[in-house]
Amino acid sequence: QGIIDFVNPKFAEISGDTEIQLLGLNALTLPTYEHFGLLPFLMQGLKGKPFETEIRYVAYISKKESYRHYVGIPLYSPENTNEVGRLLLLVEDITEKKKLEIQLQETIKAKAEEVRKLNERMLDQEVKIAKFEKEISVLRKPLGLQ
């Protein structure tokens, strides 16, 4: 039914919340889970299909922003092995990793722009050299220099 009935203290730390604040909330009705695209994954997990995803997330209560890696593992009811009784949701804070990835992408983009500009300058120089060589050959002709 989506009710949070257990919160690992580390998860509360990642969220910037306390375990008490999170217990009893319905994950399926949290506007932030819907807004950041996590709700379809939770539904998938509750239907028995494990999932894994990474998202940028802003915590519902504390408003703490982070990047998170989610793994959802359906746990089947001991009475009925065809029915999902719970969903184990593993959450890893990957904010630092994502920041480094973004920084690397920006660095690569900046370097690619530098290379593009260098190529452009080299092409301009080649065009100028070709014009200069043509002018020299035109000047050499009357002098009989080839």
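The values are calculated or read from the model by the stated rules, or taken from the named source; none is laboratory data. Predicted, not measured: the structure shown is a model, and the values here were computed from it. Note: ideal-geometry Cβ built from the backbone for every residue, glycine included; neighbour counts use all protein chains shown. Please note that ligands, DNA and RNA were not included when accessible areas were found on the heavy atoms of the full protein model with its side chains. Shrake-Rupley method; radii C 1.70, N 1.55, O 1.52, S 1.80 Å.
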Inset, instruction - Return the residue satisfying two criteria in turn: it lies in the stretch 2-25 and is more than 17 Å from SER66 (Cα to Cα) and among the charged types (D, E, K, R), and of such residues it is surrounded by the fewest Cβ atoms within 10 Å (Cβ to Cβ). - result: ASP5
Legend entry - Any hit, the stretch 87-104, residues being touching a residue at least 60 places away in the same chain (Cβ under 8 Å) and in contact with a Ser or Thr (Cβ under 9 Å, 6 or more places away or on another chain): yes
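From the residues in the stretch 76-97 that are hydroxyl-bearing (Ser, Thr, Tyr) and either farther than 15 Å from GLU13 by Cα or exposed (fewer than 13 other Cβ atoms within 10 Å of the Cβ) (or both), which one is nearest to the chain's Cα centre (by Cα)?
Initially, the stretch 76-97 is screened for residues hydroxyl-bearing (Ser, Thr, Tyr), giving 76-77, 81, 95.
Add one more test, that the residue is either farther than 15 Å from GLU13 by Cα or exposed (fewer than 13 other Cβ atoms within 10 Å of the Cβ) (or both), and what stays is 76-77, 81.
Values: TYR76: 31, SER77: 34, THR81: 35 Å.
Here the answer is TYR76.
Residue by residue through the stretch 66-75, note down the ones that are in contact (Cβ under 8 Å) with a residue 24 or more places away in the chain and either closer than 12 Å to LEU38 by Cα or loosely packed, with under 15 Cβ neighbours inside 10 Å (or both). Steps first, answer last, please.
So the first thing to find is which residues in the stretch 66-75 are in contact (Cβ under 8 Å) with a residue 24 or more places away in the chain, and the list is 66-70, 72-74.
Hits for the stretch 66-75 are ARG68, HIS69, TYR70, GLY72, ILE73.
Condition test on TYR70, is it touching a Ser or Thr at 6+ places or on another chain (Cβ under 9 Å), of a type outside the set (Lys, Arg) and at pLDDT 90 or above?
Spelling it out, TYR70 is indeed touching a Ser or Thr at 6+ places or on another chain (Cβ under 9 Å), of a type outside the set (Lys, Arg) and at pLDDT 90 or above.
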Inset, instruction - Return the residue satisfying two criteria in turn: it lies in the stretch 40-54 and is within 28 Å of GLU101 (Cβ to Cβ) and touching a strand residue (DSSP E or B) at 6+ places or on another chain (Cβ under 6 Å), and of such residues it is most open to solvent (accessible area, probe 1.4 Å). - result: GLU52
Legend entry - Flag if THR95 is modelled with pLDDT under 95 and either out of contact with any helix residue (DSSP H, G or I) (no Cβ under 6 Å at 6 or more places or on another chain) or at negative phi (or both): no
Inset, instruction - Can you confirm whether the stretch 77-92 contains a residue that is basic (Lys, Arg) and part of a helix (DSSP H, G or I)? - result: no
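Taking the conditions exactly as written (under 22 Å from ILE102 (Cα atoms) and either exposed (fewer than 14 other Cβ atoms within 10 Å of the Cβ) or at pLDDT below 95 (or both)), does GLU34 satisfy them or not? Break it down into steps so the answer makes sense when it comes.
Details: under 22 Å from ILE102 (Cα atoms): no; either exposed (fewer than 14 other Cβ atoms within 10 Å of the Cβ) or at pLDDT below 95 (or both): yes.
No; evaluated as a whole, the condition is false for this residue.
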Inset, instruction - Find the helices (runs of 4 or more DSSP H) located wholly in the stretch 1-44 whose residues include 2 or more that are closer than 18 Å to ASP93 by Cα and of a type outside the set (Val, Ile, Thr), and list them. - result: 9-15, 19-22
Legend entry - Contacts under 7 angstrom Cβ, first residue in the stretch 127-146 being at pLDDT below 80, partner surrounded by 10 or more Cβ atoms within 10 Å (Cβ to Cβ), 6 or more apart: GLN146/ARG140
